[in-house]
Amino acid sequence: MAELRSKSNKKFMILSAIGIFMVVDHHTFTALNLFGDLIPYNSFFMPMFVFISGYFNRVNKDTRLLPYFGKKLRTLLLPYAGLTLIILVLQQLMNLFKLGVFEGIPSWYPAYMLERVVTVGSPLVIATPMWFVISLFSTLSVYAIIKKVLGRIWNSYVMFGIFCILHAAVVYLTKTVDPESFYRFLVPLKVLFFLPFLEMGIIYRDHIEKRHDALSGGWKLGLMAVLLVFNMIRTMYLPAAYDIAFDSLDDLSGFTSPFIVTPLISSLVGILFWLTLADLIGKPLYESRFVNYLSCNTFWIMGLHITFFNILNCILMLVNNFIELPYFDVETFRESEWYYWELSPSFKLAYVLVGILGPLGLKRLSDHITGKA
């Protein structure tokens, strides 16, 4: 059987594992909330995934675009389509269990799914986090074209500045214009929003990483402390502490800060903080097979964790048929894919574990079936 893929860049292996954990934790309304009071997950974690992609991006003026697009099609869009099919089947089975009747897929549903893909980016509500795949594919594609055309005169710092201006313009637009007026332009607007983080990953790799890695442990702790204090000071000048974050990037809403540069600054702070922490404490985890497998399969977790939240709820609903579970609201669960059993704050951990281990278990099963394990 084939060997499991092992990431050679251990620091970024840890960083991507941390990032996907934050996605799952955030969608349980923060069971653990790691440093979340000072650096909210929603202030940086999706830009951080683009930053990671930028770090590994090697596009230049000599890149052959058709093979490049073909590779991204195979590694992003085809898995996206396959995972959508899996989620759709699981959703129909869960609906059969929840409602007691098989409703099937209405004739209008494929058109509805397609519209969601080309706007918010996710084909199904239960697969909402998959919006990021469409945004990442689009951002990488646009970036490749721009760099191919301007490769001979490309300067990363100049382009980063231009991308930051475009990023701020998108934030300004979404704060001042009726959302319905740009709903069909969400994908290109998200491309402009994410471009500076892609370039930031390249700048870090080419110009900053060696200096960052060379810092002693004390200096790294000091840097993290400065970033935390910086965020504390920022919250004092904002109307509300959570204004340093931004919700719902799938539809580019939730920019509550009065400053259009807040998302950019918040993302820079969060990425640098967690990148430093990953470098500082990551060595004991560098050889962890679980962390490596987690990092290699963030795609599966991103797409499937809400589905596995619902599978857990189906199990709880089955138990509730025999033993009444306190505070378990069957009707709300039947109506929403985003229902959580609010038994206690600590029970959120069950959703976190299911949201991570469930997709990994399914991926492991797929690996065995296909001979990859």
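The values are calculated or read from the model by the stated rules, or taken from the named source; none is laboratory data. Predicted model only: the values in this text are computed from it and were never measured. All Cβ positions, glycine included, derive from the backbone under ideal geometry; neighbour counts span all protein chains shown.
Below is a table of values for the structure above.
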read-out	value
Unmet criterion (only one of (1) in a helix (DSSP H, G or I); (2) within 30 Å of Trp154 (Cβ to Cβ)) for Met224	(2)
Selection count where residues are modelled with pLDDT under 95 and not in a helix (DSSP H, G or I), scope segment 123-155	2
Total residues in segment 130-154, condition touching a Ser or Thr at 6+ places or on another chain (Cβ under 7 Å) and not small (Gly, Ala, Ser)	5
Test: residue in segment 48-59 that is over 25 Å from Val261 (Cα atoms), out of contact with any Leu (no Cβ under 9 Å at 6 or more places or on another chain) and not acidic (Asp, Glu)	yes
Matching residues, segment 282-311, being of a type outside the set (S, T, N, Q), surrounded by fewer than 18 Cβ atoms within 10 Å (Cβ to Cβ) and out of contact with any Leu (no Cβ under 8 Å at 6 or more places or on another chain)	Lys283, Pro284, Leu285, Tyr286, Glu287, Phe290
Leading residue by the ranking (surrounded by the most Cβ atoms within 10 Å (Cβ to Cβ)) among those in segment 313-340 that are more than 21 Å from Gln92 (Cα to Cα) and aromatic (Phe, Trp, Tyr)	Phe328
Extreme residue, surrounded by the most Cβ atoms within 10 Å (Cβ to Cβ), among residues of segment 234-249 that are in a helix (DSSP H, G or I) and not small (Gly, Ala, Ser)	Ile244
So Glu342, is it among the acidic types (Asp, Glu) and either in contact with a helix residue (DSSP H, G or I) (Cβ under 6 Å, 6 or more places away or on another chain) or over 23 Å from Phe21 (Cα atoms) (or both)	no
Search result, residues across segment 16-42 that are more than 12 Å from the chain's Cα centre (by Cα) and either without any contact (Cβ under 8 Å) to a residue 24 or more places away in the chain or farther than 18 Å from Trp300 by Cβ (or both)	Phe29, Thr30, Ala31, Leu32, Asn33, Leu34, Phe35, Gly36, Asp37, Leu38, Ile39, Pro40
Qualifying residues in segment 148-176 (those that are surrounded by 20 or more Cβ atoms within 10 Å (Cβ to Cβ) and out of contact with any Asp or Glu (no Cβ under 7 Å at 6 or more places or on another chain)) - the one farthest from Val191 (Cα to Cα)	Thr174
Per-region count, segment 250-309, residues in a loop (DSSP other than H, G, I, E, B) and among the polar types (S, T, N, Q)	5
Breaking point among (1) surrounded by 15 or more Cβ atoms within 10 Å (Cβ to Cβ); (2) at pLDDT 95 or above; (3) assigned to a helix (DSSP H, G or I), for Asp206	(1)
Inter-residue pairs, beta-carbon under 9 Å, first closer than 19 Å to Pro196 by Cβ and in segment 168-186, second in a helix (DSSP H, G or I) and of a type in the set (Phe, Trp, Tyr), 6+ apart	Val170/Phe193; Val171/Phe193; Leu173/Phe182; Thr174/Phe182; Thr174/Phe193; Leu186/Trp131
Filter result for Glu199 (exposed (fewer than 13 other Cβ atoms within 10 Å of the Cβ), of a type in the set (Asp, Glu) and in a helix (DSSP H, G or I))	no
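Every residue, every condition in (1) in the same structural domain as Phe163 (by TED's automatic domain parsing); (2) modelled with pLDDT of 90 or more; (3) in contact with a helix residue (DSSP H, G or I) (Cβ under 7 Å, 6 or more places away or on another chain), yes or no:
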residue: Val24; (1), (2), (3): no, yes, yes
residue: His27; (1), (2), (3): no, yes, yes
residue: Val50; (1), (2), (3): yes, yes, yes
residue: Ile86; (1), (2), (3): yes, yes, no
residue: Gln92; (1), (2), (3): yes, yes, no
residue: Phe102; (1), (2), (3): yes, no, yes
